[in-house]
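First comes the structure, then the notes that go with it.
The values are calculated or read from the model by the stated rules, or taken from the named source; none is laboratory data. All values reported here derive from a predicted model rather than from experimental measurement. With ideal geometry, Cβ positions are generated from the backbone for all residues, glycine too; neighbour counts draw on all protein chains shown. Heavy atoms of the whole protein, side chains included, go into the accessibility calculation; ligands, DNA and RNA do not. Shrake-Rupley method; radii C 1.70, N 1.55, O 1.52, S 1.80 Å.
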Amino acid sequence: MHHRWITFAGTLGLASCGMNSGGGPSGNKPAARTAASSQIESRIREYSDSYRKSNGMEGLKRDATLDRLAREHSRDMLLRSKVDHRGTSARFDVATAELGVNGKAENVYRQPGGGNAARAIVNGWIASSGHLKNLRGPWTLTGVGIETDTHGTIWATQIYASVGPTGMQAGPGSSLSSPMRAW
């Protein structure tokens, strides 16, 4: 049973890369936001930071603007029943204008509710090379936003950003050609 769950979580993580962008149940409607929504967001942030710190990286500072942008995107995915990065450039433009960020990335995910959904989401990102690259990036700020639909499915977005000279920039030995990544 445990092996099936890991495979299932990995499949969900890959769906967020756009490899399988099918939506959840038809007729998606957002459930009322509860304290549990904020707790899941906090746990995603905690698990992400725990992973980063256990690998010698700094933790990320929570940013309310990035939280808002992440939550708005999660709601948009839920309403369209599609896990994707639609609107990434617009979100990143807002982050640049409001926060002065110079490097940005985002991870998205769809996860059935129940159990430790936040852990499953972060583990899915860790199991996917593109998501992991974003999680391990040279970021200083993060924002997490989730929405839950009436079927209990959690739609999640985590945005990463940097301000100042630590931002993501192409340089010697770097394969990056743009200061923006979505996976």
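What the table below lists for this structure:
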{"quantity": "Selection count where residues are surrounded by fewer than 24 Cβ atoms within 10 Å (Cβ to Cβ) and in contact (Cβ under 8 Å) with a residue 24 or more places away in the chain, scope region 121-141", "calculated": "12"}
{"quantity": "Of residues in region 37-86 being among the aliphatic types (A, V, I, L, M) and over 20 Å from Asn123 (Cβ atoms), the one most open to solvent (accessible area, probe 1.4 Å)", "calculated": "Leu79"}
{"quantity": "Val144, sole failed condition from (1) under 21 Å from Ala32 (Cβ atoms); (2) touching a residue at least 24 places away in the same chain (Cβ under 8 Å); (3) open to solvent by less than 60 Å² (accessible area, probe 1.4 Å); (4) outside any strand (DSSP E or B)", "calculated": "(4)"}
{"quantity": "Region 87-117, subset touching a Gly at 6+ places or on another chain (Cβ under 8 Å) and farther than 19 Å from Thr150 by Cβ, residue surrounded by the most Cβ atoms within 10 Å (Cβ to Cβ)", "calculated": "Val101"}
{"quantity": "Evaluation of Glu106 against (1) assigned to a loop (DSSP other than H, G, I, E, B); (2) in contact (Cβ under 8 Å) with a residue 60 or more places away in the chain (one fails), failing number", "calculated": "(1)"}
{"quantity": "Output for region 64-86, where each listed residue is outside any helix (DSSP H, G or I), farther than 13 Å from Ile146 by Cβ and within 14 Å of the chain's Cα centre (by Cα)", "calculated": "Asp84, His85, Arg86"}
